[in-house]
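Worksheet for the structure shown next.
The values are calculated or read from the model by the stated rules, or taken from the named source; none is laboratory data. Note that this is a predicted model, so its numbers are computed, not measured. Using ideal geometry, Cβ is built from the backbone for each residue, glycine included, and neighbour counts are taken over all protein chains shown. Ligands, DNA and RNA are excluded from the accessible area calculation, which covers all protein heavy atoms including side chains. Shrake-Rupley method; radii C 1.70, N 1.55, O 1.52, S 1.80 Å.
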Amino acid sequence: MSESPDPRPAAKAPVGSLRTLWPFVRQHLGLFIGWLVALAASSTATLSLPIAFRTMIDQGFAAGGGDAVDRAFMLLFLVAVVLALATAARFFFVSLLGERVVADLRERLYSHLLALDIGFHDRNRSGELVSRLTADAELLRSVVGSGMSVALRSGVTFIGSIVMLFVTSPQLAAYAVIGIPLAVLPIVLGGRRLQKMSRTSQDRIAEANALANETLGAVRTVQAHAREPYERQRFGQAVLTAVRASAQRIRAQAVVTAVAIVLIFGAITLVLWSGAHDVVAGRMSAGTLGQFVLYALIGGGSVGALAEVWNELQRAAGGMSRISELLEETPGVRAPAEPGRLPVPLRGEIAFDEVTFHYPMRPDLPALDGFNLRVRPGETVALVGPSGAGKSTVLSLLLRFHDPQSGAVRLDGLDIRTLDPAALREAIALVPQHPTIFAASAADNIRYGRLEADDVAVAEAARAAHASEFIDALPERMATELGERGARLSGGQQQRIAIARALLKDSPVLLLDEATSALDAHSERAVQLALEMLMRGRTTLVIAHRLATVLKADRIVVMDAGRIVAEGTHEQLIAEGGLYADLARLQFLD
Ligand code: ADP
């Protein structure tokens, strides 16, 4: 399966789901109220413009006096100035509100995602989560910062202008209210069909894109089979289908546009025609007709604006409902209300008591099945077994990435479920098979083990991990950014960075997942020495892939299908001849 982002537009949701934004908006009540006040002022000013306009025409022109003209124009200009100031204030408040709200939302979501347990992260692809954090949050930014404002403002001005239409001329308003919807109805129906057609054409385009994505991603296979002409033809076909779908939509849109203009202008002309008769007959002043027309324009404009943002609001509502869904997820692994305290100093005794555990997604298959293991303080136990035996699961449960369905995992005799997971994990250092190198300097990568460590301690850890030899050869030594180079560090070098990190952390318990891939002899030796340094004086559980490791372990535990099948030293187990002897022949002894 390709990991490309979904090319289709984000799913929509009822605009009502946006109300889950309210708690975030409430945090910035000042901005919110400022916005509402500015909105009220600007709407009032907008709705006063036609009145000022009428005054200008009827009094300014009719009275014939220069003073009256001056005053009427003055009034018009004044309203415009109020409108300008209120609009500026509205824009300011609501844009700032949008930025703040989305920043809060992002932070909240990010910290929530970090807190969710590994089970959750196993179920959800990180790319998907990142798009919640970026794409959906971005949608909301534009909506809170402008879309919602436009919607509310348009709603207010629409209602206001309808009221004012009736105040200006009840009869004309009645005509308009009956006539315009009759004209608009066919347009709305046409628009619906257009939308469906546009979705079809977008789907076709997405299909063509997916095809290109797949073949370009597998270009080696395509070229190795000399299938370029075939793929060219397939893509050409897909593009052609997309163009046909678009052409259909474009034709329909052209027709709808023509019909819309005729219908709308027909309705307006009809109303104006009737109004003009009233003016000619002296039943209405020219200014009043002008005022009426302006209100109609304002009302029509706000309907248009509302229709335009509605789509955006629905998409943002979709984004918000997905974000809310994530925010409602509760971590499956949590600290108890009154977490127990680990003894200081910690002895580092590990115990698994009758632990049975299956992954949430594999309820039929226990990863650990009545698993019992005791590791004495300072002891090194090597876990050995075929792939899928449950070795990594043992480490995950000790870190409390998951809780077992039955039995208990204990550290120094304390059930780890009674502890704060953060405190538990402080006591354990993990050196994974594929260490993570962050886009940061070598020093900061090592310091990830203990953030407050000073440069001397970092250098000391690097030296003890046999990492200084290659770090000193980097262009800026400790300050070299590993982000661009992380990939260029060899496997052995990445492991030594991880070992230095663990040394710096200096926890009494060490979990080690040995790399399976062979290193060159020099690196192998350096990593071995670094590990010996790291394991000294710590309780160590190691998933062993190397002969040197099993030979040095105090005890080897052989696992199969979530159970312990044998225990002992290398010699004892070889002599016994079971699963271990087979594994040893395959893994270590060649
Ligand atoms: P090992 O480390 O010995 O290779 P694991 O502890 O990784 O074995 O796996 C034990 C069993 O649990 C295997 O059957 C594996 O398929 C399953 N398993 C491991 N991780 C997961 C996971 N995240 N989700 C579902 N099943 C898993």
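The calculated FRET efficiency for ILE178 paired with ARG108, based on their beta-carbon distance and R0 = 45 Å, is about 0.35. Counting only alpha carbon atoms, the long axis of helix 29-55 and the longest principal axis of the chain meet at about 20°. The modelled label-to-label distance between ALA286 and HIS225, using points 7 Å beyond Cα along the C-beta direction, is 7.8 nm. Net charge in the neighbourhood of ARG410 (other residues with Cβ under 10 Å of its Cβ; Lys, Arg +1, Asp, Glu -1) is -2. In the stretch 510-562, a dipole from Cβ-located charges (positive for Lys and Arg, negative for Asp and Glu) runs towards its positive end, and of LEU534, ALA544, LEU512 it is LEU534 whose Cα lies farthest in that direction. Considering all C-alpha pairs of the stretch 510-590, those separated by over 14 Å amount to 66%. For the chain, with all protein chains in place and a probe radius of 1.4 Å, 61% of the accessible heavy-atom surface sits on carbon or sulfur.
For the pair ILE250 and SER406, the difference between a 0.36 nm per residue extended length and the Cα-Cα distance amounts to 49.9 nm. Once Rg and the Kirkwood radius are both taken over the C-alpha atoms of the chain, their ratio Rg/Rh works out to 1.16. Counting only alpha carbon atoms, the long axis of helix 228-280 and the longest principal axis of the chain meet at about 30°.
List residues of the stretch 437-458, by number, whose backbone nitrogen lies under 15 Å from a label position 7 Å along Cα→C-beta of SER126. Within reach of a label on SER126: 437-440. How far is helix 521-535 tilted off the main Cα axis of the chain, in degrees rounded to 10, range 0 to 90? Taking Cα atoms only, the helix is inclined about 90 degrees. Each listed q (0.23 Å⁻¹) maps to a log10 I(q)/I(0) for the stretch 275-364 from the Debye sum over equal C-alpha point scatterers, namely -1.16.
Among 12-22, 149-159, 501-511, the peptide with the highest mean count of other Cβ atoms within 10 Å heads the list, and the full ranking is 501-511, 149-159, 12-22.
For the stretch 176-301, a Kirkwood radius taken over Cα pairs fed into Stokes-Einstein (4 °C, viscosity 1.567 mPa s) yields D = 69 µm²/s.
With the Kirkwood sum run over all distinct C-alpha pairs, the stretch 14-328 has a hydrodynamic radius of 23.9 Å.
Net charge of the neighbourhood of ALA465, taken over other residues with C-beta under 9 Å away and scored Lys/Arg +1, Asp/Glu -1, is +3.
Applying 0.36 nm per residue to the separation of PHE265 and THR436 and subtracting their alpha-carbon distance, the gain on full extension is 55.0 nm.
Set Lys and Arg Cβ to +1 and Asp and Glu Cβ to -1, take the dipole of the chain about its Cα centre, and tell me which of SER523, SER43, GLY577 lies farthest positive. Toward the positive end, the furthest listed residue is SER43. Expressed as a fraction of 2.2 N^0.38 Å, the value expected for a compact globular protein of N residues, the C-alpha radius of gyration of the stretch 365-510 is 1.18.
Overall, the chain carries a charge dipole of about 2060 debye about its Cα centre when +1 sits on the Cβ of Lys and Arg and -1 on the Cβ of Asp and Glu, all other atoms neutral. The distance between label points at PHE73 and ARG585 comes to 10.7 nm (points 7 Å beyond Cα on the Cα→Cβ vector). Taking label positions 7 Å along the Cα-Cβ direction at both GLN27 and VAL565, the computed distance is 5.4 nm, reported to one decimal. Accessible surface area normalised per residue over the stretch 14-328 is 56 Å², counting heavy atoms of protein chains with a 1.4 Å rolling probe. The lysines within cross-link reach of LYS391, meaning a Cα-to-Cα straight distance under 23 Å and a gap of 8 or more places when in the same chain, are LYS552. Based on every Cα atom in the stretch 231-282, Rg and the maximum pairwise Cα distance Dmax equal 22.4, 75 Å. Of the beta bridges in the stretch 350-589, as assigned by DSSP with both residues counted there, near 50 percent are antiparallel. Between GLN171 and ALA218, full extension at 0.36 nm per residue minus the direct alpha carbon distance yields a gain of 10.0 nm. Straight-line reach from LYS196: which aspartates and glutamates fall under 17 Å, measuring Cα to Cα and dropping same-chain residues less than 8 apart? Leaving aside aspartates and glutamates fewer than 8 places away in the same chain, those within reach of LYS196 are GLU207, GLU308, GLU312.
Estimated from the Cβ-Cβ distance and a Förster radius of 25 angstrom, the FRET efficiency linking ARG525 and ALA473 is about 0.90.
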